[in-house]
Amino acid sequence: METTTIINIAIGSALGLVIGLIVRKIIDKKKGSEIIRNAKRTASSRVKAAHKEADAIKKDKILQAKERFIELKSEHEKVILTREKKISDVEKRLRDKESQLSSALDKHKKLNKDLETKESDFEHRLEFLEKKQQEVEKVHKRQVEQLEVISGISAEEAKEQLISSLKEEAKSDAMSYIQDIMEEAKLTAEQDARKVILNTIQRVGVEQSIENCVSVFNLESDDVKGRIIGREGRNIRALEAATGVEIIVDDTPEAIILSCFDPVRREVARLAMHKLVTDGRIHPARVEEVVNKTEKQINQEIVEVGKRTVVDLGIHGLHPELIKTVGRMKFRSSYGQNLLQHSREVANLCGIMAVELGLNAKVAKRAGLLHDIGKVPDTETELPHALLGMQWAEKYGEKPDVCNAIGAHHDEIEMKSLYAPIVQVCDAISGARPGARRQVLDSYIQRLKDLEDLAFGFTGVQKAYAIQAGRELRVLVESGKVNDDKAAELSFSISQKIQNDMTYPGQVKVTVIRETRAVNVAK
């Protein structure tokens, strides 16, 4: 009974399960068909919407294409119109040119016709004139023959007699005229010459100053003097050895005196000392470095001074070497008168005097500026400065008139142009002004130069400086060529040569300095 119940329950459960599954499948199938129908409806609605959107886009694109077509069409029409206009303009210009050419051709034909007519008229006239000329010659010949028969002499003899009589008459007239001119010139020449010279002098006035042999270096305080002297005087000795200038440090407040007959050396020493004092580093190595730099600076300044001088005077085309020589004049003196100032004054005087006499002022200025270039030679020479300057001018391509004026301004050679006496006169005017020159100074400077040159005549001498107004000669020798024993011998030999060959006041102390240096560079 229980078993049967259990079986029935199992069968019922199985049947219920089967029926549930069947019912679930039926329900699921209905739901699936429902979903499919919904999906189809959604798809169809979307397709319709897509078709509508596609149609709208198609219409927009068609409209845009039509608008673009219309724009391109209008642009194309504009381009066509522009080209047509250009073509019409070109055609118009061509028509104008054709009309001009045709009119020009007509004028040319007319001109040719006129020329042909004139040419034929000219030929007819020429033939007529030739016939007339032949007739005149025949008539003249008959008249000459008749005159010869009447006078009894030929035409050539009559011509010679006429010429001789005219010569005698012209000669006597010319002699009387020349005599009158000579007498008038004698009366007025001196007066006119004075007038020209006075006018020239009055129009050129420059300050005159005598060149001295000392320069004063001003200090801010006396404390700097000790640094310039250095320990045991090594700094001042290095300065004197490097520059060849005697440096005098005395009780003068806030001042040091630089003494040397050579203005270039004094200027190098002054500038070098200024740099050392400004920098504050003063020791022998620094002294030599600053002096070398200063010498290069002075050489550059010489070139600049020469360029400024020729520009101020309006002189063009001067050789660079002559420009450097003009610049070196700034540091030279002639009897105490600064050579550059003297040469500039002579150039201005020559220019004015040349204008007064109707000559070329530029050539006169050129000769006046260069007349004393022989006073600044690089090496000593036996030639007078006028001839040496003339040789330099010829070497660097100056004109013959300028070269002759340079060489003849002290009458060493013959004057061959009017510029030579002008330069001579203007040189005398510039040098003869009261206070312009001092004769004693030039002989003193020459004595110091001769003293230094005498020392250079000995073997092994590297540098020689005359200091103490020529009372001391310092000679720096090469240590490799002169040993200590030879240094003493060299000092004695130089002193004996000075004593025998030179004339000087007082005594001359000869100091030979020999030092050995070993220099290496750490890299």
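Just checking, how many residues over the range 491-508 are at pLDDT 80 or above, under 48 Å from the mean Cα position of the chain (by Cα) and not hydrophobic (A, V, I, L, M, F, W, C)?
Adding up the residues that qualify gives 1.
Give the residues of the range 237-277 that are among the β-branched types (V, I, T), surrounded by 20 or more Cβ atoms within 10 Å (Cβ to Cβ) and touching a strand residue (DSSP E or B) at 6+ places or on another chain (Cβ under 9 Å), sorted by residue number.
T243, V245, I247, I256
If V355 passes every condition in (1) of a type in the set (V, I, T); (2) more than 23 Å from V425 (Cβ to Cβ); (3) more than 20 Å from the chain's Cα centre (by Cα) but one, which one does it miss?
Result: V355 fails condition (2) only.
In the range 349-362, what residues are in contact (Cβ under 8 Å) with a residue 24 or more places away in the chain, within 19 Å of A408 (Cα to Cα) and surrounded by fewer than 22 Cβ atoms within 10 Å (Cβ to Cβ)?
Of everything in the range 349-362, those that are in contact (Cβ under 8 Å) with a residue 24 or more places away in the chain, within 19 Å of A408 (Cα to Cα) and surrounded by fewer than 22 Cβ atoms within 10 Å (Cβ to Cβ) turn out to be L359, K362.
If a residue must be among the charged types (D, E, K, R) and within 19 Å of D453 (Cβ to Cβ), how many such residues does the range 482-506 contain?
Taking the range 482-506 and keeping what is among the charged types (D, E, K, R), we get 484-486, 489, 497, 501.
From the residues that got through so far, the ones that are within 19 Å of D453 (Cβ to Cβ) too are 497, 501.
Adding up the residues that qualify gives 2.
Residues that are modelled with pLDDT under 85, touching a Leu at 6+ places or on another chain (Cβ under 7 Å) and open to solvent by less than 50 Å² (accessible area, probe 1.4 Å): does the range 433-444 have at least one?
Step one: list which residues in the range 433-444 are modelled with pLDDT under 85, which gives 433-444.
Among the residues that remain, those that are also touching a Leu at 6+ places or on another chain (Cβ under 7 Å) are: none.
No, the range 433-444 contains no residue that is modelled with pLDDT under 85, touching a Leu at 6+ places or on another chain (Cβ under 7 Å) and open to solvent by less than 50 Å² (accessible area, probe 1.4 Å).
Could you give every pair whose Cβ atoms fall below 7 Å, whose first residue belongs to the range 246-269 and is over 17 Å from V291 (Cβ atoms), and whose second residue is of a type in the set (S, T, Y) and open to solvent by 10 Å² or more (accessible area, probe 1.4 Å), counting only separations of at least 6 or pairs across chains?
I248/S259; E254/S221
Within the range 295-307, does at least one residue satisfy the condition of being modelled with pLDDT of 80 or more, touching a strand residue (DSSP E or B) at 6+ places or on another chain (Cβ under 7 Å) and assigned to a helix (DSSP H, G or I)? I'd like the intermediate steps shown before the answer.
Of the range 295-307, the ones modelled with pLDDT of 80 or more are 295-307.
Then keep just the ones that are touching a strand residue (DSSP E or B) at 6+ places or on another chain (Cβ under 7 Å); that gives none.
No, the range 295-307 contains no residue that is modelled with pLDDT of 80 or more, touching a strand residue (DSSP E or B) at 6+ places or on another chain (Cβ under 7 Å) and assigned to a helix (DSSP H, G or I).
The values are calculated or read from the model by the stated rules, or taken from the named source; none is laboratory data. Bear in mind the structure is a predicted one, so any value in this text is a computation, not a measurement. As a convention, Cβ positions derive from the backbone with ideal geometry for all residues, glycine included, and neighbour counts pool all protein chains shown. Keep in mind that these areas ignore ligands, DNA and RNA; they rest on the heavy atoms of the full protein, side chains included. Shrake-Rupley method; radii C 1.70, N 1.55, O 1.52, S 1.80 Å.
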